[in-house]
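This report refers to the structure that appears directly beneath it.
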Amino acid sequence: MNSASEIEEAPYGWVIVAVATYGMVLAFGANLSVSVLIDPLQTEFGWSRAQISVAYTMLTVGAAIGGLFWGTLSDRIGAKKIVFFGAIVLSSQLMMLSFQSTLWSIYFFYFVLGAVGIGALFTPLLALTGLWFTKRKGLALGIVTAGGAIGQGAIPLAERVMISNWGWRDAMFYMGVFYLVTLIPVLFFLKQPPVLEGTKGSVKKSNENSWNISHKITLPWLSFAGLFCCICMAAPLIHLVPLGMDLGFSPETAASLLFVLMLSGVFGRLFFGSFADRVGGLKAYFLASFGQTLSVFWFTQSSSLLVLYIISAVFGFAFAGVMTCLIICSQHAAPPRLAGLAVALVSGTAWVGMGLGGYQAGYFFDLSGTYTMSYAFATIAGVINLLILTALFIFRQKHTSSGPDQHREILNAQ
């Protein structure tokens with residue numbers, strides 16, 4: 001009986017990649033909508049940046065909780081029904097946000113947007129895509145997550161233009177309508193992968209994975225690393241637009257910094273996804289994390305638009321590879337029958353890290369009046385992530401030196 005790693009990749013997997021990529025464009029675009037709402041909400045209601053940033057924290061906490069639930073459920077009933085439900089909720093929450101005038105209601109709708117909207121799209125789509133591929137898993141996931149980078153750059157920029165012309169309420173409402181009309185039709189092309197259809201019985205019983213180490217050990221380790229890597233990345237993702245406006249740039253120019261960051265991220269995710277296929281997910285993850293950590297603090301050290309564009313491009317290329325490689329690592333570390341759970345666990349703690357990182361950046365800005373301390377703490381979190389990855393790499397080297405056969409016996413006995 002063939003193992004999951006021996007099943008030939010089906011051409012239809014690239015259709016799944018296309019559908020999942022568009023889903024990521026819209027999901028991640030909604031994810032960063034808070035970044036362009038900070039200024040109009042502060043102007044209209046007088047709320048602080050830390051208070052508004054809590055909306056993003058609520059979204060990430062919701063995505064962490066929801067992702068764990070939806071990811072586990074997708075292992076049982078498949079991704080298609082879950083993703084349809086998530087798409088409807090995602091669209092409706094954007095529309096509902098346009099009617100809100102209180103902090104608590106904005107927090108609530110962003111929580112639901114994360115827990116049911118983004119959570120029901122992100123985890124099942126990534127898990128489903130990974131199961132369609134074996135040899136080119138990294139490239140496939142790189143393409144899908146590149147869609148997230150496109151969305152994080154293009155959607156906030158489009159929203160910022162819409163806000164300038166129509167106001168934030170109409171901008172959010174019509175964006176929600178656009179999501180509903182364009183996303184639902186493409187989801188009909190989703191299908192279960194051959195690894196679950198053709199070898200269902202063996203997949204349900206086996207604990208075998210690509211790393212030949214128990215997922216009960218490696219998944220918590222990856223999750224802990226993901227927490228700190230996302231605290232690092234969240235500061236510029238949520239606060240780059242306000243930082244640019246504080247330097248005197250127009251709202252559209254400030255939003256273009258985020259667009260450049262995410263455009264560079266498209267190439268970063270494709271590069272690191274393909275790179276992971278050649279050298280392994282963990283090594284690629286370390287390299288991407290190193291680049292992110294090395295570049296994040298420099299956002300606060302220049303007021304030159306050209307220099308900020310360059311920093312945005314460098315950071316975007318590196319940060320984009322982080323999330324791609326983290327998802328790749330989670331799928332290599334877990335058996336195929338737990339693909340949804342594996343993605344949910346590592347992405348769940350990553351979402352929490354994003355929430356903490358976004359909030360700390362707003363908090364320390366309100367405290368000091370600048371973003372210097374905020375980005376310094378982001379750098380420290382990045383260093384902690386690198387230390388965790390180094391320890392995990394050493395652990396893997398030590399515990400796989402005895403050979404794969406012995407570890408396969410241990411895994412299947414669990």
Mind checking which of F249, F259, F275 has the largest fluctuation in a GNM of the chain, springs on alpha carbons under 10 Å? F249
What is the gain in length, in nm to one decimal, between T72 and I380 on full extension, counting 0.36 nm per residue of separation less the C-alpha to C-alpha distance? 107.6 nm
Compare the peptides 337-345, 263-271, 82-90, 376-384 by average per-residue count of other Cβ atoms within 10 angstrom and give them in order, highest first. 337-345, 263-271, 82-90, 376-384
Would you mind putting 284-291, 104-111 in packing order, based on average other-beta-carbon counts within 10 Å, highest first? 284-291, 104-111
Please give the length that would be gained between T43 and K135 if that part of the chain were fully extended, namely 0.36 nm times their separation in residues minus their C-alpha to C-alpha distance (nm, one decimal). 28.0 nm
Residue of P124, P185, P236 that the Gaussian network model of the chain assigns the largest fluctuation, springs spanning Cα pairs under 10 Å: P185
Suppose only helical runs count, i.e. DSSP H with n ≥ 4. What mean residue ellipticity at 222 nm does that imply for the chain under -39500 (n - 2.57) per run, divided by all residues and rounded to the nearest 500 deg cm²/dmol? -27500 deg cm²/dmol
Evaluate the distance, in nm, between pseudo-label points positioned 7 Å from the Cα of W298 and of R169 along their respective Cα→Cβ axes. 4.4
Quick check on my link table: of K283/K398; K80/K283; K135/K191; K137/K191; K216/K283, which ones sit more than 26 Å apart, alpha carbon to alpha carbon? K80/K283
GNM of the chain, Cα pairs under 10 angstrom: of S164, S330, S91, the biggest fluctuation goes to S164
Of the convex hull enclosing the alpha-carbon atoms of segment 10-399, the direction-averaged projected area in nm² is 16.6
Ranking request for peptides 169-176, 151-158: highest mean number of other beta-carbon atoms within 10 Å first, then the rest in descending order. 151-158, 169-176
Full extension between A391 and V15 adds, at 0.36 nm per residue less the Cα distance, a length in nm of 131.6 nm
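Rule-based calculations on the coordinates, nothing more; no lab input. Being a predicted model, the structure only gives us computed values, none of them experimental. Quick reminder, even Gly has a Cβ in these numbers, built from the backbone with ideal geometry, and neighbours come from all protein chains shown.
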